[in-house]
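Bear in mind these aren't lab numbers, they're just calculated from the coordinates by the rules spelled out. Every value quoted in this text rests on a predicted model; they were computed, and no experiment measured them. Note that we place each Cβ from the backbone using ideal geometry, even for glycine, and neighbour counts take in every protein chain shown.
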């Protein structure tokens with residue numbers, strides 16, 4: 001199996017990036033600039049059942 005990683009530095013476009021990449025796993029940090037990882041975990045959960053590692 002081949003795996004490919006990607007990262008997004010534009011915090012205002014996290015959800016769009018997640019959808020665009022058809023991500024199967026989300027890895028986020030608790031201490032982010034605009035919103036913390038728990039915020040993004042909740043937002044991702046609305047659109048996906050992919051595992052989220054905070």
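Tabulated values for the structure
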read-out	value
Exposure proxy ranking, count of Cβ atoms within 10 Å, fewest first, for 3, 17	3, 17
Ranking of 2, 29, 36 by count of other Cβ atoms within 10 Å, fewest first	2, 29, 36
Mean ellipticity per residue at 222 nm, deg cm²/dmol - from DSSP H runs of n ≥ 4 across the chain, formula -39500 (n - 2.57)	-10000 deg cm²/dmol
Cβ-based exposure ranking for 43, 4, in which fewest neighbours within 10 Å come first	4, 43
Computed label-point distance, nm, for sites residue 31 and residue 54 using a 7 Å Cα→Cβ extension	1.6
Along principal axes, Cα extents of the chain, largest first, whole Å	34, 21, 18
Label point distance in nm, residue 19-residue 47, each placed 7 Å from Cα along Cα→Cβ	0.5
